Amino acid sequence: MPPADEYDYEARLAALTRVYVAALPDKQADLERLWAACADAATDEAWLALRTLAHRLSGSAPNYGFEALGAAARALDTRLGGKTACRDRGLLAPLVAALREALAAAKPAG
């Protein structure tokens, strides 16, 4: 039988994962809003906000078991990190679509 603190770890991780999953619809809404702002205005502020969202998801998603979500976010983050302007829709649209799909598909394990 595992020690009691191991149960506490698993319970805390499960609780954190539930909170993370509950926030994913907001992240998807943020993605849509930021992509529209970035694609329409192509300002540095819009670009930075979209990149920040992708960067945060690329780091956090794998910690909760969402490898595909992390990979999709990392691909967009990498492209935006290279200073690709939002107006380069041809380069960014497939990456945004992949992140959109990964967000929609993210479900808790178990």
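Here are the numbers for the structure shown:
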quantity	calculated
Simple spin-label estimate for residue 44 and residue 63 in nanometres, 7 Å along Cα-Cβ	2.9 nm
Neighbour cut-off at most 13 other Cβ (10 Å), DSSP loop, trypsin sites (Lys or Arg not before Pro), segment 1-83	83
Rg ratio (alpha-carbon, reference 2.2 N^0.38 Å) - the chain	1.22
Loop-resident sites, segment 31-103, for chymotrypsin sites (Phe, Trp or Tyr not before Pro), counting at most 16 other Cβ within 10 Å (DSSP)	none
Only Lys, Arg (+1) and Asp, Glu (-1) charged, at Cβ; the chain dipole about Cα centre in debye	380 debye
Cα-based helix-to-principal-axis angle, 44-60 vs the chain, degrees rounded to 10	20 degrees
Karplus-derived HN-Hα couplings along segment 98-105 (A = 6.51, B = -1.76, C = 1.60, θ = phi - 60°), whole Hz, x at Gly and Pro	5, 5, 4, 5, 5, 5, 5, 8
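Read-outs: derived from the displayed coordinates by stated rules, not from any lab. All figures in this text were calculated on a predicted structure; none of them were measured in a lab. Methodologically, a virtual Cβ is constructed for each residue, glycine included, from the backbone with ideal geometry; neighbour enumeration extends over all protein chains shown.
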